[in-house]
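Some notes on the structure that comes next.
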Amino acid sequence: MTNTKTITFIGAGSMAEALISGMTKTLYKPEQIIVTNRSNKERLEYIQNTYHVRVEADKEKAVKEADIIILAMKPKDVAEGITSIAQAIDKHQLIISVLAGVSTETIISLIGKNVPIVRAMPNTSAAIGQSATALALGRYANDKHLAIAKELFRTVGAVTVVPEEDLHAVTALSGSGPAYIYYMVEAMEKAAEEIGLEQSVAKDLILQTIIGAAEMLKSSKKHPSVLRKEVTSPGGTTEAGIKVLEDYRYQEAVISCIKRAAKRSAELGQSLLQLVKTHR
Ligand SMILES: NC(=O)C1=CN([C@@H]2O[C@H](COP(=O)(O)OP(=O)(O)OC[C@H]3O[C@@H](n4cnc5c(N)ncnc54)[C@H](O)[C@@H]3O)[C@@H](O)[C@H]2O)C=CC1
Ligand SMILES: O=C(O)[C@@H]1CCC=N1
């Protein structure tokens, strides 16, 4: 299957790279993708050399050539980044935003035109076609725009559609989610070293344990607590280990972590909204 749309990325950071990496492995030819950023030429060179996509220092030019514009800049650069391309945007183009916390209404306000926007929350596993992406439609986006966004994000993983107000929760859960797992792996690696396992042996064991557990969660109909109990022999090692996690209130920590991340997403949206209001 081929796709002939030209896609321009505004922002060339980790999330843009994960999407570019996944997209160029599937439906998109590198020459269909244009990447631009604020000022970091070395970063653009790296992206060009690695993925053979087009890079463009002139953001307005990159925007004018696009059928789809993907907003992927850092939170602090969102207002300046969007206003700097607003003039060049045409309402027949589709805007896809992966910006955490920022509402489609705020983006419409910053652009100052009735543009169709699909808000997306992917995660960095897009790089290997394994993102969990949620999509929501802005006021001027219709089913055709949704279909285009679905096609794009399906090239980098699984896609689900949610009401826009759910995106703060999605961001906290699956947008940031990979980092929580990596953080746990960091701790498992440290523990393995402290109890005397060779690093490479530990790495392989941890990896396969996580893959196996994820596959079990996917293929078995059992609740995670049932799967956990199946590992936990009475009076055995798991019971002793989990007791320590309970003493440290592990589940409470994870729940608070996800709630705080969701709140942070809302804060990011609010602070940008305030900025937009004060500059009106
Ligand atoms: N990293 C992740 O796992 C995810 C990130 N996101 C969102 O993606 C966005 C980018 O995050 P990261 O890639 O992690 O950040 P990052 O710091 O890795 O990348 C930001 C990029 O934007 C560029 N940039 C800054 N100002 C610009 C401007 N005015 N015009 C054009 N380009 C500009 C920078 O040069 C840099 O290449 C954020 O808004 C974040 O909420 C969304 C989902 C997951
Ligand atoms: O940390 C962040 O703000 C972004 C959004 C989801 C993952 N990374």
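The values are calculated or read from the model by the stated rules, or taken from the named source; none is laboratory data. All values derive from a computational prediction rather than experimental measurement. Note: ideal-geometry Cβ built from the backbone for every residue, glycine included; neighbour counts use all protein chains shown.
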| request: Return the pairs, sorted by first residue and then second, in which the second residue is among the polar types (S, T, N, Q) and crowded, with 16+ Cβ neighbours inside 10 Å, the first residue lies in the range 257-272 and is farther than 18 Å from residue 178 by Cβ and in contact (Cβ under 8 Å) with a residue 40 or more places away in the chain, the beta carbons are less than 6 Å apart, and the residues are 6+ apart or on different chains. | output: 269/103; 272/106
| task | Could you please tell me which pairs satisfy a Cβ distance under 8 Å, a separation of 6+ or placement on different chains, a first residue in the range 204-229 that is outside the structural domain of residue 240 (by TED's automatic domain parsing), and a second residue that is in a helix (DSSP H, G or I) and surrounded by 10 or more Cβ atoms within 10 Å (Cβ to Cβ)? | result | none
| Any pair with Cβ under 6 angstrom, 6 or more apart, that starts in the range 186-198 at a residue that is under 15 Å from residue 209 (Cβ atoms) and ends at one that is surrounded by 12 or more Cβ atoms within 10 Å (Cβ to Cβ) | 188/206; 192/202
| remark: Scanning the range 25-42 for residues that are under 20 Å from the mean Cα position of the chain (by Cα) and at pLDDT 95 or above, the one farthest from ligand 1 (Cβ to nearest atom) turns out to be 33
| request: For the range 95-105, indicate whether the set of residues that are surrounded by 16 or more Cβ atoms within 10 Å (Cβ to Cβ), farther than 19 Å from residue 270 by Cα and hydrophobic (A, V, I, L, M, F, W, C) is non-empty. | output: yes
| Search result, residues across the range 58-81 that are in contact with a strand residue (DSSP E or B) (Cβ under 7 Å, 6 or more places away or on another chain) and either among the β-branched types (Val, Ile, Thr) or within 13 Å of ligand 1 (Cβ to nearest atom) (or both) | 59, 62, 63, 68, 69, 70, 71, 72, 73, 81
| task | Find the residue count for the range 152-169, including only residues that are within 25 Å of residue 207 (Cα to Cα) and either within 15 Å of ligand 2 (Cβ to nearest atom) or among the acidic types (Asp, Glu) (or both). | result | 2
| query | In the set 97, 103, which member is within 16 Å of ligand 2 (Cβ to nearest atom), in contact with a Leu (Cβ under 7 Å, 6 or more places away or on another chain), assigned by TED's automatic domain parsing to the domain that holds residue 132 and closer than 23 Å to residue 162 by Cβ? | reply | 97
| query | Identify, please: which residue in the range 1-23 is of a type in the set (S, T, N, Q), surrounded by 15 or more Cβ atoms within 10 Å (Cβ to Cβ) and at pLDDT below 95 and is, among those, nearest to ligand 2 (Cβ to nearest atom)? | reply | 21
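One line per residue, one yes/no per condition, for (1) over 15 Å from residue 32 (Cα atoms); (2) free of Cβ contacts under 8 Å to residues at least 60 places away in the same chain; (3) out of contact with any Leu (no Cβ under 6 Å at 6 or more places or on another chain); (4) more than 16 Å from ligand 2 (Cβ to nearest atom):
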position: 49; (1), (2), (3), (4): yes, yes, yes, yes
position: 55; (1), (2), (3), (4): no, yes, no, yes
position: 59; (1), (2), (3), (4): yes, yes, yes, yes
position: 64; (1), (2), (3), (4): no, yes, yes, yes
position: 70; (1), (2), (3), (4): no, no, yes, no
position: 73; (1), (2), (3), (4): yes, no, yes, no
position: 77; (1), (2), (3), (4): yes, no, yes, no
position: 86; (1), (2), (3), (4): yes, yes, yes, yes
position: 91; (1), (2), (3), (4): yes, yes, yes, yes
| query | So, in the range 31-47, of the ones that are part of a helix (DSSP H, G or I) and either touching a residue at least 40 places away in the same chain (Cβ under 8 Å) or not charged (D, E, K, R) (or both), which residue ends up surrounded by the most Cβ atoms within 10 Å (Cβ to Cβ)? | reply | 47
| said: So for the range 255-277 (the condition being part of a helix (DSSP H, G or I), away from ligand 1 (no atom under 16 Å from the Cβ) and farther than 24 Å from residue 186 by Cβ), does at least one residue qualify? | reply: yes
| query | Does the range 1-28 hold any residues that are closer than 20 Å to residue 125 by Cα and of a type in the set (D, E, K, R), and which are they? | reply | 17, 25
